[in-house]
Amino acid sequence: MNKVCIAVDVMGGDEEPQVVLDGIDAALAADGDLEVLAVGPADLVEPFAERRERVRALVAPDVITMEDDPLEAVMRKRKSSIVLACRAVKKGEASGFFSAGATGAMTAAATAYVTPFKYLNAEGEKRPIRPCIVSAMPNRRGGHTVFCDLGANPDVEPEDMVRFAQMGATYAHVVCGIDAPRVGLLSNGSEDTKGSHFTKACFPLMREQVPGFAGNCEGGDLTSGDFDVVVCDGFAGNVALKATEGAAKLILHELKDTLLSSAKGKLAALLVKDDLKAIQAKLSGDSYGGAVLLGLRGVVLIGHGATSVDAVKNGTLAAARAVRDGLVDKLADSMEGIVR
């Protein structure tokens, strides 16, 4: 494998920074060609880097918290771990960036410093692409369904949705190994005539410009496996994602309570304990590390706030894999009118 340097935000996530440092160690152990730029306060990253051959420290005295206003924090906290890591990707000091920090701040900083690709509009003007957050969710067919946008853009235009679909399809092919992915537009019914005024405006554009477009799909198709890519605006996507995560947690909670409510159930729980742990791990998202912010001139991965050692490890490895696979260039190649 090629050597790749990934910047990791030591202050990202709800857990203690030691969880992130342990996750970096686990990623380094799993990938002998991985190098890490550990970004955070000097008292954490400098001694950590000094004891490890493949780690460099980038001191970031400021921290952007989940409570900060994203845009204001990115402008005001110029020496935060999120901003400095994005600048490191822009300057070529790192090839990618992983953080479990605030999604809004990550999106704002990456858009400002890593910068999105531009495209030529109908009037011949250069306009920046709206980055979208993309993740692969497990489905009932044993594979993954790529879902975008998960929250980067609450308000978009139909033309933005076309590019989300194109990027999601490329991600499905490059990262998930899906040939000729089927793309669906999230709506309130599968019929072509269903939807809001907005989705009805998106439908003909996606049918004309998105290879593999298979029409409207419903909320249940996020996990059905009937579609390989599901596309929506960031507002609907974030609501749908959190509703799906909440439903998964409820089912696991109810199953656990039912099994532990009787002696017979407790015996059954012992027999299927490992299987239940495997299901919980699959639904937690730790196995794939995070969601990718697509449309940028660099690889940026956003992890879940309640992150773990495994999530940091897998998010860092996923960022390195995306760099090695040339995901950024392949995304640009998938869209017409992109300005290099």
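Data overview
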read-out	value
Leading residue by the ranking (modelled with the highest pLDDT) among those in region 142-171 that are part of a helix (DSSP H, G or I) and of a type in the set (Val, Ile, Thr)	Val162
For Ala73: the one exception among (1) more than 13 Å from Leu317 (Cα to Cα); (2) at pLDDT 90 or above	(2)
Residue match in region 46-54 (condition: touching an Asp or Glu at 6+ places or on another chain (Cβ under 7 Å) and among the small types (Gly, Ala, Ser))	no
Qualifying strands (runs of 3 or more DSSP E) (wholly inside region 172-242; at least 1 residues being more than 30 Å from Arg324 (Cβ to Cβ))	183-186, 213-217
Region 154-174 - residue that is buried (at least 20 other Cβ atoms within 10 Å of the Cβ) and in contact with a helix residue (DSSP H, G or I) (Cβ under 8 Å, 6 or more places away or on another chain) and, of those, farthest from Phe213 (Cα to Cα)	Val156
Neighbours by Cβ (under 6 Å, 6+ apart or cross-chain): first from region 324-340, touching a residue at least 40 places away in the same chain (Cβ under 8 Å) and in a loop (DSSP other than H, G, I, E, B); second surrounded by 18 or more Cβ atoms within 10 Å (Cβ to Cβ) and of a type in the set (Ser, Thr, Tyr)	Ser334/Thr170; Gly337/Tyr119
One residue from Ala38, Ala109 being in the same structural domain as Gly303 (by TED's automatic domain parsing), under 22 Å from Leu327 (Cα atoms) and either under 21 Å from the mean Cα position of the chain (by Cα) or buried (at least 24 other Cβ atoms within 10 Å of the Cβ) (or both)	Ala109
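The values are calculated or read from the model by the stated rules, or taken from the named source; none is laboratory data. Bear in mind that the values here come from a model prediction, so they are computed numbers and not experimental data. Glycine gets a Cβ as well: all are built from the backbone with ideal geometry, and neighbour counts include every protein chain shown.
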